[in-house]
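Asks: After the structure tokens below, expect a handful of questions from me.
What follows draws every value from the coordinates through simple rules; no lab data is involved. All values reported here derive from a predicted model rather than from experimental measurement. As a convention, Cβ positions derive from the backbone with ideal geometry for all residues, glycine included, and neighbour counts pool all protein chains shown.
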Amino acid sequence: MQREGFNSKLGSILALAGSAVGLGNIWRFPYMLSEYGGGTFLPVYIMCVLIISVPIMICEFILGRRSQRTAYGSIARLTKSKIWAASGFLFVLIPTITVSYYSVIGGWTLDYFIKSATMQFSGATPEAIESMFGALVSNSWLPLAFHLVFLLGTCVIIGFGVKKGIEGFSKVMMPLLFILMVIIAIRSVTLPGAMEGIKYLFRPDWDKITPDMFIAALGQAFFSLSIGMGIMLTYGSYIPKKANLASTALSTAFFDLLFAIIAGCAVIPAMFAFDMEAVQGAGLVFQTLPSVFAQMPLGSLVALVFFFAVILAAMTSAMSLFEVPVSYLVEKYGMKRPLACVIVFVLTFSLGALCSLSFGALSHIQITGKNIFDFCDFFTANYLMPFAGLIIVLFVGWKMPKPDVRDEYTNGGSLNLGRKNLFWLIYFAIKYVAPVGIIAIFISGLL
Ligand code: PHE
């Protein structure tokens, strides 16, 4: 019995970490670090994870496990209020936008996998590697074709229900990706000139703190932990009744953070070692890591396995995002699954195509000073996800009866941890700290 309990708990943590770890850690986190001042961003980010994201994740688990529904119907199941129930729409909208641009980056990863297989990095100078990225994204058709392949792959897997096989496979690949990341990080921090990068990464410069940085850290803490879009809510409905929700959330956040910091150690010191401080934005990982591979024994092989593992990590994340609008159409409108997949595919391919072209042919279209890709990423991660997260904590903290929350949190009182179950602390974080934190960060961004 003991063993079985442990197994299922470990199983849920692995599945949750599988959803959380993805391009958010490998691609987005290092780029946020470089943009918002490394060692200054890091503590702000960790704070956002601990005092805002973890309580929200626990709320999503509570809602999901209690309602036994997926994202869209969950709040509606627990209240009669139409206004609260309407918020379920956000949990369909956010994953739909996210998967559109996520697939564009998935496409870049496919291109880099092919570049590694055809040995295009070996012997190339850091400058040549840096310019390869610009050449890829400004070429309109190629990234569009890769976006198509990546999204089609995701759609077919979801459509044919062969998700399980891929997930089983990725369970083996994820630990491998982790080991590779550690090796790459070690090579990166030992490069000549990497010391500047290490200092940049870990030494805070408090003068650099800005409201924008708080918003970016909050957005990253939502994106990376897959919260504020109903995904963790859906996973919550699969968590066994006897699992401890708080420790499950903390372990997931811990793995995700660890992965992100290792990715930061792989990318940022290399950026300094190769004098690429001027490289900014979405291309950072693609511009720095291939130069690190070039400096490693068996570098071409490492590059090949690395990009393959990243494709898988991205694909499993994209699958869980794609699944949301598909199951919405199936459940709400009784649509056949293949038809729902086609509709979601057309929609997300089109939006993703605009994002992809915004680095080249459509770069003249700017929304609030950002191209379409940056705007979609910025707006969903920094505003929509925290807004959805706010609704979740407000619902659990202020609308749901406290005994119900306690009942779910303590597994009907059977989680006999005495005072150590820390319910009072988590409840305080849910009721006050997380909502006040989100609102304060929003307001500071408006000033
Ligand atoms: N958290 C994932 C990442 O870091 C992104 C994601 C969000 C995946 C939501 C699934 C659901 O890449």
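Asks: Tell me the Kirkwood hydrodynamic radius of the range 146-263 in angstroms, computed as one over the mean inverse distance between distinct C-alpha pairs.
Replies: Averaging 1/r across every pair of different Cα atoms and inverting gives 18.0 Å.
Asks: How large is ³J(HN,Hα) for each residue in the range 83-99, as worked out from phi by the Karplus curve 6.51 cos²θ - 1.76 cosθ + 1.60 (θ = phi - 60°), to whole Hz, x for Gly and Pro?
Replies: 5, 4, 4, 4, 5, x, 4, 4, 6, 9, 4, 5, x, 5, 5, 4, 5
Asks: Please list, in order along the range 224-229, the HN-Hα scalar couplings obtained from phi with the Karplus expression 6.51 cos²θ - 1.76 cosθ + 1.60 (θ = phi - 60°), rounded to whole Hz, x for Gly and Pro.
Replies: Coupling constants for the range 224-229: 5, 8, 6, 9, x, 8 Hz.
Asks: Please identify every one of the trypsin sites (Lys or Arg not before Pro) in the range 296-397 that sits in a loop by DSSP and has no more than 15 other beta carbons within 10 Å of its own beta carbon.
Replies: 336
Asks: Any idea which of 215, 137, 231 is furthest toward the positive side of the dipole for the chain, if Lys and Arg beta-carbons carry +1 and Asp and Glu beta-carbons -1?
Replies: It is 231.
Asks: Could you give the size of the charge dipole of the chain about its Cα centre, using +1 on the Cβ of each K and R and -1 on the Cβ of each D and E, expressed in debye and rounded to the nearest 20?
Replies: 1920
Asks: Suppose we take every Cα in the range 98-201 and form the convex hull; what volume per residue is that in Å³?
Replies: Given the Cα convex hull of the range 98-201, per-residue volume reads 153 Å³.
Asks: As I understand it, the value is the acute angle between the Cα axis of helix 245-273 and the longest principal axis of the Cα atoms of the chain; what does it come to in degrees, rounded to 10?
Replies: It works out to around 10 degrees.
Asks: Additional query: If you fit an axis through the alpha-carbon atoms of helix 284-294 and take the longest principal axis of the Cα set of the chain, what angle between them do you get, 0 to 90°, nearest 10?
Replies: Between helix and principal axis, roughly 60 degrees.
Asks: Here's a follow-up. Quick check: convex hull over the Cα atoms of the range 1-112, volume per residue in Å³, rounded to an integer?
Replies: 167
Asks: I'd like the projected area of the chain, averaged over all directions, using the convex hull of its alpha carbons. Report it in nm² with one decimal.
Replies: That works out to 21.4 nm², a quarter of the Cα hull's surface.
Asks: Could you grab the relative contact order for the range 376-447? Cα pairs under 8 Å, six or more apart, rounded to a whole percent.
Replies: With pairs under 8 Å counted, the relative contact order is 40 percent.
Asks: Right, another one. Tell me, what ³J(HN,Hα) does each residue in the range 115-121 have, in order and in whole Hz, if you take phi through Karplus 6.51 cos²θ - 1.76 cosθ + 1.60 with θ = phi - 60° and put x for Gly and Pro?
Replies: Rounded to whole hertz, the list is 4, 5, 5, 9, 6, 6, 8.
Asks: Over the chain, calculate the relative contact order: mean separation of alpha carbon pairs under 8 Å at least 6 apart, over the residue count, as a percent.
Replies: Relative contact order here is 34 percent.
Asks: Between the range 289-328 and the range 364-400, what is the C-alpha centre distance in whole Å?
Replies: 25
Asks: Among 93-103, 294-304, how do they line up from the highest to the lowest mean number of other beta-carbon atoms within 10 Å?
Replies: Those peptides, ordered most packed to least, come out 93-103, 294-304.
Asks: Another question about this same structure. Between helix 434-446 and the chain, what is the angle of the helix's C-alpha long axis to the longest principal axis, kept within 0 to 90° and rounded to the nearest 10?
Replies: 50
Asks: Moving to a separate point now. Expressed as a fraction of 2.2 N^0.38 Å, the rule-of-thumb size for a compact globular protein of N residues, what is the C-alpha radius of gyration of the range 333-447?
Replies: Relative to the 2.2 N^0.38 Å estimate, the range 333-447 comes out at 1.57.
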